[in-house]
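The values are calculated or read from the model by the stated rules, or taken from the named source; none is laboratory data. A quick note: this is a predicted structure, and the numbers were derived from the prediction, not measured. Note: ideal-geometry Cβ built from the backbone for every residue, glycine included; neighbour counts use all protein chains shown.
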């Protein structure tokens, strides 16, 4: 009995149509060695599977627009950026498909938050045996995101780290790239409006997330994050003025409990929607992908936005 037969047994998918979107450049290109297992797993389970490789954000969006409502399931083989492309496109489908995620990127924060298998073969089996669960999504002005919109310190890391550097060192590449940013910390005057309250201060970093981990740098306890509660976790970090301030920030972030963070260095709140205003044009990162946010960002949590297969 081979690996696939052992794990999926006689389970049959009742002739569902599956679109398998593969990013061959994701992570260390490991999906190239495992793609046959993925396809064989889906085929043995009875799925009619169509495969496409991603050709860039616009090309992926255009392709999925053409395939509107033609598939029961759309599966991502790639990283969080690839999943973002798929989610953003399928949110416009008349009949939204069930999504699947085979994490093959470098960090795969969103997959980790869903507790999806990190092993590609196990993740493929999860597509067959997993249960669809409803998850919230974010709307950033007119763009969608699956788990985080962020700006400021460390945000550059997600899209400036060279691909060959990420492929060679994995998650360590993000950490090393982030360390390089420390001497160049910049503070931004930010006005946050949420639930009738206004918070105005200088911050070096901000994140609006629906995740337990962001880039491996920010981690929040499972007890504080529900991926389907209709609210975001919002965290802002103020500019450290001394080495002690910087040390306090790092120490706080390792505690996993933002409710215990020093309010003199952090702003933490949970909300359904908010408006963030800057004095200058701001670059943001949506699920690790760079976007221009202008001087004002309106961000809303879309409850029950999509269904994804989980363990």
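Out of the range 31-50, which residues are surrounded by fewer than 16 Cβ atoms within 10 Å (Cβ to Cβ) and within 28 Å of residue 290 (Cβ to Cβ)?
32
Among the listed residues 225, 214, 231, which satisfies the condition of being at pLDDT 95 or above, closer than 29 Å to residue 114 by Cα and crowded, with 16+ Cβ neighbours inside 10 Å?
Step by step, each of 225, 214, 231 is checked, and only 231 is at pLDDT 95 or above, closer than 29 Å to residue 114 by Cα and crowded, with 16+ Cβ neighbours inside 10 Å.
Name the residue that is modelled with the lowest pLDDT, counting only residues in the range 147-167 that are in a loop (DSSP other than H, G, I, E, B) and crowded, with 18+ Cβ neighbours inside 10 Å.
161
This table checks each residue for (1) surrounded by fewer than 17 Cβ atoms within 10 Å (Cβ to Cβ); (2) under 19 Å from residue 186 (Cα atoms); (3) at pLDDT 95 or above; (4) in the same structural domain as residue 149 (by TED's automatic domain parsing).
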site: 252; (1), (2), (3), (4): no, no, no, yes
site: 276; (1), (2), (3), (4): no, yes, yes, yes
site: 290; (1), (2), (3), (4): yes, yes, no, yes
site: 293; (1), (2), (3), (4): no, yes, no, yes
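Take the conditions closer than 17 Å to residue 288 by Cα, under 22 Å from the mean Cα position of the chain (by Cα) and either in contact (Cβ under 8 Å) with a residue 60 or more places away in the chain or surrounded by 14 or more Cβ atoms within 10 Å (Cβ to Cβ) (or both) and apply them to residue 21. Does it pass?
Here the answer is no, as residue 21 does not meet what is asked.
Just to be sure I understand the filter: pairs with C-beta atoms under 7 Å, separated by 6 or more residues or on different chains, first member in the range 228-255 and without any contact (Cβ under 8 Å) to a residue 60 or more places away in the chain, second member assigned to a helix (DSSP H, G or I). Which pairs pass?
233/224; 235/258; 240/246; 240/249
So, residue 36, is that one within 17 Å of residue 20 (Cα to Cα) and either assigned by TED's automatic domain parsing to the domain that holds residue 211 or touching a helix residue (DSSP H, G or I) at 6+ places or on another chain (Cβ under 8 Å) (or both) or not?
No; evaluated as a whole, the condition is false for this residue.
Results for (1) surrounded by 18 or more Cβ atoms within 10 Å (Cβ to Cβ); (2) under 20 Å from the mean Cα position of the chain (by Cα); (3) in the same structural domain as residue 87 (by TED's automatic domain parsing), shown as yes or no for each residue.
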{"site": "240", "(1), (2), (3)": "yes, no, no"}
{"site": "244", "(1), (2), (3)": "no, no, no"}
{"site": "247", "(1), (2), (3)": "no, no, no"}
{"site": "255", "(1), (2), (3)": "no, no, no"}
{"site": "264", "(1), (2), (3)": "no, no, no"}
{"site": "286", "(1), (2), (3)": "yes, yes, no"}
